[in-house]
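Student: First the structure, then my questions, so here it is.
The values are calculated or read from the model by the stated rules, or taken from the named source; none is laboratory data. In this text, all values refer to a predicted model and were calculated from it rather than measured experimentally. Note that each Cβ is placed from the backbone with ideal geometry, even for glycine, and that neighbours are counted across all protein chains shown. In case anyone asks, the SASA skips ligands and DNA or RNA and just uses the protein heavy atoms, side chains included. Shrake-Rupley method; radii C 1.70, N 1.55, O 1.52, S 1.80 Å.
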Amino acid sequence: MQRGKDLSDFPIQYIKGVGPQRVKLLSRLGINTVKDALYYLPYRYEDRSNLKKISDLRYSSVETITGKVISAEIIRLPRKNLKIFELTVNDGSGLLKGKWFNQPFMKKNFKVGQEVILCGTVKRNPYWGIGFEMDNPEYEILNNTVETPGKSQFRQSGDDSLIHTNRVVPVYKATSGLSVRQIRSIMFNLIHFHIEDVTDPIPAEIWKRNGLPALSESLSGVHFPDTNADIEALNRGVSDFHRRLSFDELFMLELGLALIKKGKVIEKGTAFKPDGILLKKLIEILPFSLTKSQEKVFNEILGDLKRPHPMNRLIQGDVGCGKTVVALMAMAVVAECGYQSAFMVPTELLAEQHYFNIHSTVEALGLKICLLTGSTNTLRVTRDALRSKIASGEIDIIVGTHALIQEGVIFKNLGLVVIDEQHRFGVMQRALLRKKGLNPDVLVMTATPIPRTLALTVYGDLDYSVIDELPPDRRPVQTLLFSSKHKDTIYRLIKEEIKKGRQVYVVYPIIEESEKTDLRSAIMGKNAFEKYFSDFRVGLIHGRIKAEEREKIMASFKHREIDLLVCTTVIEVGVDVPNATLMLIIHAERFGLSQLHQLRGRVGRSSHLSSCLLISYEPYGEDARRRLDIMVRSNDGFMIAEEDLNIRGPGEFFGTRQSGIPDLRIANIIRDASLLSLARKEAFSLIDKDPYLKSSPLLRKALETFWKGKIELFKTG
């Protein structure tokens, strides 16, 4: 390999110990280049440096011994068609047998009189009940010398002896046909012969300023730590070497977000200059007063709208805090200036609910609004007719699903894009909708509170606002957990609530029964509730019902023509029926924490005391138990989000694969929160000074590789 050659381009095949056959096996592990291999880190470390006397060994523990080979024999078990290679070692204090099953070729590796090191789990002899054995132990042949390898010896020798035992040993995830030992040998050759070829794309002053080691030292240290290394820190992924590699990932992530944000700041947009008449009229016709938090966030948005650069702002807020009203105020400002707004949401039902909730208010302002989804043709108007009206500018506000970003949808003058439930969409989809206008302002909303640490990672390209106040008439929802044995109590509570003139949701995890699962279904539940509550009006709604029929059912529920609505998670967000004060969630143990919190948010939307009943079915695991416990203890969406993040991990919580954010292979934003903060500060500072990274060509190339296929970072320069 030539010095300075890009490691990402150098095939792993040409590294000592690989060859054509192992290339295919390594490819299964995602290792195709030298760079892939260098960043294929051990998933744990074992301390094999503590040599024990055989007489001091403990059964069931992983131990390391050294001794002299006194026999090396192949034992045949004809009945089981099994060959066992059996090695007997003596260290002067006792004997130990090492056994390898159906590996007779192992015999050629050992000779009587050799000094060896063995490491493995200590077992009793199954026949005698005494003595010490190890099955398939790791081994080293010492050629009659025992030395403790240090860092300097490792770097001076090209021989991979003493890397498998008698030290802190890295353990890699392996694959069929390629053992951990073989991977470790390949990694040794890679580090020994090629670590000096590693070029560091991050400017030295950045990693030095943050007290981090050099990249080549870090890669060497994570693969082959010193014998005196802190094995606990290594296994937690927080050694100095791990921290450097985690910082690099987070720095590349934040650098890309800083570039996206910087690019938007220098783009030309529309400076909206409203006279305020339409906004004043909207506030007057609202049936409630804005909270101080809503006013504060709207003023931040209004400040963005008046600037000649595109707004890119995130609104966070808990369920029921009034984000939609704030977005509607922004759309009124844009409409007053003669521009259109697009309101994109992830599901048809949510689009329908937003449309039905705001269309009367919008029309009272003298504006025109429409709904555009995949089922638009069923809503008494053709999709082509709507597209024509949108293209002519006849419609001011367009509410819809991803149908809004399809090729056939053309806006006359799109000024504002509002995206609800951002965690369902990605950076790429957001970018597609922005292209429908000339750098329109973008307002992103999420009803799933996201811990600030995660928000900085995922929304690093956006300005950040939080509505942290609920309307004054809202009361906390009482949440109770029941087992399936308490159905009579649950039915009594439902009956009492309906007799008060209130309404009830009953949520099921699936629509209909299936042979593949034993979960209760909505269709089965609807039939059961109709029989049990024959005096009450029971309805059913789920995602397979056509949009027009769903509209009728929701309207009936809202007008109190249905007492008990059996449903699936289609009512998770956006549905607003203040008279609904009780929710029963069937199989609550099967729902995610964020989803449970969103569902619970459908009740408690008035001054009436509301309750959420969770019914769970055993058996279920510890994670489910933690989810149910936090739901009962807290109504605070941000606290729930923190717990959800801890239970599920950052990737699962947000689904970074769908968000357009590059995957983090080494860093963990929960564990590495402090590193994330440092990386963000350094990244944004660097982009402020050098927006196109002209002074750091290696960094620019590494950044483009890191973000490849996600989003275009450098449009010019």
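Student: Inside the stretch 581-608, can you point out the residues that are touching a Leu at 6+ places or on another chain (Cβ under 8 Å) and either assigned to a helix (DSSP H, G or I) or of a type in the set (Gly, Ala, Ser) (or both)?
Tutor: Listed by number, the residues that qualify are Ala588, Glu589, Arg590, Leu596.
Student: Between a residue in the stretch 120-142 that is of a type in the set (Asp, Glu) and any residue that is open to solvent by 40 Å² or more (accessible area, probe 1.4 Å), which pairs come within a Cβ distance under 7 Å, given they are 6 or more apart or on different chains?
Tutor: Glu133/Lys97; Glu133/Lys123; Asp135/Lys123; Glu138/Arg181; Glu140/Ser161
Student: Return the pair list, or none, for Cβ contacts closer than 6 Å from residues in the stretch 637-651 that are over 10 Å from Pro451 (Cα atoms) to residues that are of a type in the set (D, E, K, R) and at pLDDT 80 or above, at least 6 apart or on different chains.
Tutor: Ile647/Asp623; Ile647/Arg626
Student: Filter the stretch 235-247 down to residues that are assigned to a helix (DSSP H, G or I) and at pLDDT 95 or above and give me whichever is nearest to Tyr39 (Cα to Cα).
Tutor: Per the criteria, the residue is Leu245.
Student: Would you check which residues across the stretch 109-138 are closer than 18 Å to Asn166 by Cβ, touching a Ser or Thr at 6+ places or on another chain (Cβ under 8 Å) and open to solvent by 30 Å² or more (accessible area, probe 1.4 Å) and list them?
Tutor: Scanning the stretch 109-138 gives Glu115, Thr121, Glu138.
Student: What are the pairs, 6+ residues apart or on separate chains, where a residue within the stretch 3-21 that is within 16 Å of Ile191 (Cβ to Cβ) and polar (S, T, N, Q) has its Cβ under 6 Å from a residue that is open to solvent by less than 50 Å² (accessible area, probe 1.4 Å) and at pLDDT below 85?
Tutor: Between residues of the stretch 3-21 that are within 16 Å of Ile191 (Cβ to Cβ) and polar (S, T, N, Q) and residues that are open to solvent by less than 50 Å² (accessible area, probe 1.4 Å) and at pLDDT below 85, there is no close pair.
Student: Within the stretch 619-637, is even one residue closer than 23 Å to Phe533 by Cα and either open to solvent by 10 Å² or more (accessible area, probe 1.4 Å) or in contact with a Pro (Cβ under 8 Å, 6 or more places away or on another chain) (or both)?
Tutor: no
Student: Could you check, for the stretch 533-553, whether at least one of its residues is at pLDDT below 95, buried (at least 16 other Cβ atoms within 10 Å of the Cβ) and under 21 Å from Pro449 (Cα atoms)?
Tutor: no
Student: Looking only at residues that are closer than 15 Å to Leu118 by Cα and hydrophobic (A, V, I, L, M, F, W, C) in the stretch 73-97, which one is most open to solvent (accessible area, probe 1.4 Å)?
Tutor: Filtering the stretch 73-97 for residues that are closer than 15 Å to Leu118 by Cα and hydrophobic (A, V, I, L, M, F, W, C), the one most open to solvent (accessible area, probe 1.4 Å) comes out as Leu95.
Student: Can I ask one more? Restricting the search to the stretch 418-432, which residues are within 20 Å of Tyr355 (Cβ to Cβ) and either at pLDDT 70 or above or in a strand (DSSP E or B) (or both)?
Tutor: Val418, Ile419, Asp420
Student: What number of residues within the stretch 391-417 satisfy the criterion of being among the small types (Gly, Ala, Ser) and assigned to a loop (DSSP other than H, G, I, E, B)?
Tutor: 2
Student: Hey, another quick one. When the residues of the stretch 20-72 are filtered to those that are under 27 Å from Thr199 (Cβ atoms) and of a type in the set (Gly, Ala, Ser), which remaining residue is most open to solvent (accessible area, probe 1.4 Å)?
Tutor: So, considering only residues that are under 27 Å from Thr199 (Cβ atoms) and of a type in the set (Gly, Ala, Ser), the one most open to solvent (accessible area, probe 1.4 Å) is Ser27.
Student: Which condition breaks for Phe411 when tested against (1) open to solvent by less than 10 Å² (accessible area, probe 1.4 Å); (2) at pLDDT 90 or above; (3) of a type in the set (Phe, Trp, Tyr)?
Tutor: All conditions are met except number (1).
Student: With the condition kept exactly as written, say whether any residue in the stretch 185-194 is farther than 24 Å from Tyr45 by Cα and either among the charged types (D, E, K, R) or out of contact with any Leu (no Cβ under 8 Å at 6 or more places or on another chain) (or both).
Tutor: Scanning the stretch 185-194 turns up no residue that is farther than 24 Å from Tyr45 by Cα and either among the charged types (D, E, K, R) or out of contact with any Leu (no Cβ under 8 Å at 6 or more places or on another chain) (or both).
Student: In the stretch 297-351, which residues are open to solvent by 10 Å² or more (accessible area, probe 1.4 Å), in contact (Cβ under 8 Å) with a residue 40 or more places away in the chain and in a loop (DSSP other than H, G, I, E, B)?
Tutor: Within the stretch 297-351, Pro308, His309, Pro310, Asp318, Val319, Gly320, Gly322, Cys337, Gly338, Tyr339, Pro346, Thr347 meet the criteria.
Student: Here's something else I'd like to know. Hey, Ile711 hits all of (1) modelled with pLDDT under 95; (2) closer than 21 Å to Arg209 by Cα but one; which does it fall short on?
Tutor: With (1) modelled with pLDDT under 95; (2) closer than 21 Å to Arg209 by Cα applied to Ile711, the lone miss is (2).
Student: State which residue is surrounded by the fewest Cβ atoms within 10 Å (Cβ to Cβ) when the search covers only the stretch 355-386 and only residues that are at pLDDT 90 or above and among the charged types (D, E, K, R).
Tutor: Only one residue fits best here, namely Glu363.
Student: I'm trying to understand the selection: among the residues of the stretch 272-292, which are open to solvent by 10 Å² or more (accessible area, probe 1.4 Å), assigned to a helix (DSSP H, G or I) and either of a type in the set (Lys, Arg) or touching a residue at least 12 places away in the same chain (Cβ under 8 Å) (or both)?
Tutor: Ile277, Leu278, Leu279, Lys280, Lys281, Ile283, Ile285, Lys292
Student: Please determine, by comparing only the residues of the stretch 669-702 that are aliphatic (A, V, I, L, M) and either touching a Gly at 6+ places or on another chain (Cβ under 6 Å) or part of a loop (DSSP other than H, G, I, E, B) (or both), which one is modelled with the highest pLDDT.
Tutor: Leu693
Student: Could you count how many residues in the stretch 471-485 are surrounded by 12 or more Cβ atoms within 10 Å (Cβ to Cβ) and modelled with pLDDT of 90 or more?
Tutor: Qualifying residue count, the stretch 471-485: 6.
Student: Return yes or no: is Ser71 touching a Ser or Thr at 6+ places or on another chain (Cβ under 9 Å), assigned to a helix (DSSP H, G or I) and more than 30 Å from Asp200 (Cα to Cα)?
Tutor: no
Student: Oh, and also: Only one of Ala580, Ala528, Ala588, Ala522 is farther than 30 Å from Leu470 by Cα and buried (at least 21 other Cβ atoms within 10 Å of the Cβ). Can you tell me which?
Tutor: Just a single option satisfies the conditions, and that option is Ala522.
Student: Next question, about the same structure. When you go through Gly221, Gly256 one by one, which is the residue that is in a helix (DSSP H, G or I), of a type in the set (Gly, Ala, Ser), crowded, with 19+ Cβ neighbours inside 10 Å and over 23 Å from the mean Cα position of the chain (by Cα)?
Tutor: Step by step, each of Gly221, Gly256 is checked, and only Gly221 is in a helix (DSSP H, G or I), of a type in the set (Gly, Ala, Ser), crowded, with 19+ Cβ neighbours inside 10 Å and over 23 Å from the mean Cα position of the chain (by Cα).
Student: Looking at this structure, is Ala37 part of a helix (DSSP H, G or I), in contact with a Leu (Cβ under 7 Å, 6 or more places away or on another chain) and among the hydrophobic types (A, V, I, L, M, F, W, C)?
Tutor: In short, yes.
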